[in-house]
1. Among the listed residues Gln122, Gln169, which satisfies the condition of being at pLDDT 95 or above, open to solvent by 50 Å² or more (accessible area, probe 1.4 Å) and of a type outside the set (Asp, Glu)?
2. Can you go through Thr83, Thr65, Thr61 and tell me which one is surrounded by 15 or more Cβ atoms within 10 Å (Cβ to Cβ), over 18 Å from Ser139 (Cα atoms), among the hydroxyl-bearing types (Ser, Thr, Tyr) and modelled with pLDDT of 85 or more?
3. Could you tell me whether any residue of the range 92-104 is open to solvent by 70 Å² or more (accessible area, probe 1.4 Å), modelled with pLDDT of 90 or more and under 19 Å from Ile71 (Cβ atoms)?
4. Give Glu154, Glu135, Glu160 a once-over and let me know the one that is at pLDDT below 90, surrounded by 15 or more Cβ atoms within 10 Å (Cβ to Cβ) and charged (D, E, K, R).
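The values are calculated or read from the model by the stated rules, or taken from the named source; none is laboratory data. From a predicted model like this one, the values you see are computed outputs, not experimental measurements. Every residue, glycine among them, receives a Cβ derived from its backbone with ideal geometry; neighbour counts consider all protein chains shown. Protein only, heavy atoms only, side chains kept; ligands, DNA and RNA dropped before computing areas. Shrake-Rupley method; radii C 1.70, N 1.55, O 1.52, S 1.80 Å.
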Amino acid sequence: MKINKNIGIASVLVIAIGLLFTACDKNDDVAYNDVVGVYKGTLTTNIAGKSSSSKVNNIATAEVTMVGDQIEVHCFNDDFDTTIMLNLFEDGNMMNTCLTGSDFENMYGHMMGQGNMNGNMQNMGSEWMQHLNNEHQDSDEHFGGFNMQNHSFEYTFKMENGEFHFQGQKK
């Protein structure tokens, strides 16, 4: 009977230790889910004309939702309405964004995974640095992200008729 009691105590200790490690495990989903929400701010428009460009600030909203392991950003105001899918990459106090799928290929002219191949040899740095090394070429640019300290989001939407820059705070 003493042996069964010791086995029972040992089993409870193993389960308790397992739960402790699981509870202390850093969950990246928390950081990713922190970007979800409604951001209120301004949308600056830079529409290139034949001889000049005009800049107008307007109140705008960006609604950010999780869709699988990506985010969907719906940005709109009275004169603008677009939705894009983005990947998220942790970089210190920032959650940087990058286009996905065919939007990525159309923007950068290459498929994901065909950037700097030396990135696979470097397994150091943030998710963002690994992304840049593995997926991008030196001339590729990015258009925004989330500042996790001040709960803000900025993104420049590159459209056929110009650029639209959103900058807002989470509400």
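1. Numbers: Gln122 fails: at pLDDT 95 or above.
The conditions single out Gln169.
2. Numbers: Thr83 fails: surrounded by 15 or more Cβ atoms within 10 Å (Cβ to Cβ); Thr65 fails: surrounded by 15 or more Cβ atoms within 10 Å (Cβ to Cβ).
When all the criteria are applied, what remains is Thr61.
3. yes
4. Glu135
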